[in-house]
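Read-outs: derived from the displayed coordinates by stated rules, not from any lab. Computed from a predicted model, the values in this text were never measured in an experiment. Quick reminder, even Gly has a Cβ in these numbers, built from the backbone with ideal geometry, and neighbours come from all protein chains shown.
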Amino acid sequence: MSATAAPNGEVKYKIGNERLVRVTETAARKLISLLQKQGRAQGALRVAVIGGGCSGLQYKMDLVDGPANRDIMVESANVRVVVDPKSALFVSGSVLDFSEDLQKGGFKVTNPNAVAHCSCGESFSA
């Protein structure tokens with residue numbers, strides 16, 4: 001990862017690569033569509049890991065304008081994903097996909113660091 005210069009008080013963030021998180025083409029298409037609908041064509045998807053869920057950790061995803069201070073930004077499949085340093089420890093090596101399935105549709109993270117999952121598929125432990 002390389003640090004990005006931030007003169008004049010601009011946001012300081014790092015550039016990561018797909019070893020941190022990789023986005024599938026399906027997820028990228030959906031993400032581009034959502035960002036355009038919100039008027040954030042140059043925006044990003046924030047992926048965070050927070051405490052909670054039945055297995056102890058869960059993902060939180062939001063559309064944002066761009067990286068915040070100390071974030072790691074990854075460009076994958078022509079979209080940008082931002083991850084804070086703490087969450088990066090948990091998501092390293094993950095793949096972000098999207099499913100149109102009626103029951104369990106939406107963005108899904110396949111995480112090689114997760115050692116246990118709950119039955120609902122919404123939380124994990126590492």
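Report, ordered by chain and residue number, the lysines lying within cross-link reach of residue 14, taken as a straight Cα distance under 21 Å and ignoring same-chain residues fewer than 8 apart. The qualifying lysines are 60, 86.
Using a Förster distance of 41 angstrom, determine the FRET efficiency expected from the C-beta separation of residue 102 and residue 65, and round it to 0.05. That pair, residue 102 with residue 65, gives E of 0.85. In this rough spin-label picture, where each label sits 7 Å from Cα along the Cβ direction, the residue 15-residue 36 distance is 2.6 nm.
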